[in-house]
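Asker: I am attaching a structure below and will ask some questions about it afterwards.
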Amino acid sequence: MYLPHTTSLQENRKGDLLYYTFPSFDRYGFVRHGFSTRLGGVSQGIYDSMNLSYTRGDDAHRVTENFRLFVAAMGLSHEDVVISAQTHTTNVRHVTSADRGRGVTRPREYTDVDGLITEESHLILCTQYADCVPLFFLDPVKRVVATSHAGWRGTAAGIGRVTVEEMCRGYGCHPENILVGIGPSIGKCCFEVDTPVFEAFTRVPAFSDSCYRNDGGGKYHIDLWAVNRRTLIDCGVKADNITVTDLCTRCHPNLFWSHRYCGAERGSLAAFIALV
């Protein structure tokens, strides 16, 4: 199939399976990460083929096989995956070996978690998407990784800032050392909102005229990538350490799951990051 051109991400293939990574992260041999596409799984019907969510109605055995295939492509084991429990909060969980397998091989014993952090190796942090913004974090000095789910509510509430603060508080990280990847998600080209959502963003310190387009009639297009980037810079992350995607999920529905395009009958994408 046709793949859109990208200058910010690296394409990775294993057979039919395709996923994306950030070159700034790839240069560190002790980190594995990836953002999935719809390609390379075993799900069928409306979930065809790489669906990475157990909550969409897909056959659980197929979803587990998708996790196995995807994580194996990263050179890791799906038994080490830990999945978030997303409800559009800014809650970030510090993950340890006691969480290994939660959400895949055994139940999650937590709720309302939209971000995950760890300093332990061979724990694969996983957050899930279908237009919302995936945030990847790496401190190569302290060797700490994180991933956080930034929907519009999480973006407006500053989950990127909260994640950086938790990395600093819990593991002694310094913002200027942290690398961040802002992954494929809905772009300004497609993220149209009405006045109440726009007004929520006007209360965000990082929001500026460059982060939106006024279409008139109470409709606006908001740039979630820009708001997240500005939020991260405001909390001390260096601008040069932030890589911003150039792929919109809504623009490429054959490659990515998009809630704006598919509605409720769809699968989910996932972000993975691990220390090895």
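The values are calculated or read from the model by the stated rules, or taken from the named source; none is laboratory data. Computed from a predicted model, the values in this text were never measured in an experiment. Note that each Cβ is placed from the backbone with ideal geometry, even for glycine, and that neighbours are counted across all protein chains shown. Heads up: the accessible areas ignore ligands, DNA and RNA and are worked out on the full protein's heavy atoms, side chains in. Shrake-Rupley method; radii C 1.70, N 1.55, O 1.52, S 1.80 Å.
Asker: Just name the residue that is farthest from Asn66 (Cα to Cα) out of those in the range 94-109 that are open to solvent by less than 80 Å² (accessible area, probe 1.4 Å) and part of a strand (DSSP E or B).
Answerer: His94
Asker: Consider Thr64 carefully, then state whether it is more than 27 Å from Val244 (Cα to Cα), among the hydroxyl-bearing types (Ser, Thr, Tyr) and assigned to a loop (DSSP other than H, G, I, E, B).
Answerer: No; evaluated as a whole, the condition is false for this residue.
Asker: Given the criterion open to solvent by less than 40 Å² (accessible area, probe 1.4 Å) and either small (Gly, Ala, Ser) or out of contact with any strand residue (DSSP E or B) (no Cβ under 8 Å at 6 or more places or on another chain) (or both), identify the matching residue among Gly115, Gly75.
Answerer: Sole residue among the options that is open to solvent by less than 40 Å² (accessible area, probe 1.4 Å) and either small (Gly, Ala, Ser) or out of contact with any strand residue (DSSP E or B) (no Cβ under 8 Å at 6 or more places or on another chain) (or both): Gly115.
Asker: Among the residues of the range 31-63, how many are touching a helix residue (DSSP H, G or I) at 6+ places or on another chain (Cβ under 7 Å) and of a type in the set (Asp, Glu)?
Answerer: So the answer is 1.
Asker: Can you tell which of Thr21, Thr64, Thr37 is of a type in the set (Val, Ile, Thr), within 20 Å of the chain's Cα centre (by Cα) and surrounded by fewer than 20 Cβ atoms within 10 Å (Cβ to Cβ)?
Answerer: Thr64
Asker: I'm trying to understand the selection: among the residues of the range 78-87, which are surrounded by fewer than 16 Cβ atoms within 10 Å (Cβ to Cβ) and in a loop (DSSP other than H, G, I, E, B)?
Answerer: Thr87
Asker: Next up: Would you confirm, using the coordinates I've provided, whether Gly236 is open to solvent by 20 Å² or more (accessible area, probe 1.4 Å), more than 14 Å from Gly183 (Cα to Cα) and either touching a residue at least 12 places away in the same chain (Cβ under 8 Å) or touching a Gly at 6+ places or on another chain (Cβ under 8 Å) (or both)?
Answerer: yes
Asker: State whether the residues of the range 248-269 include one that is open to solvent by 50 Å² or more (accessible area, probe 1.4 Å) and hydroxyl-bearing (Ser, Thr, Tyr).
Answerer: Yes - at least one qualifying residue is present in the range 248-269.
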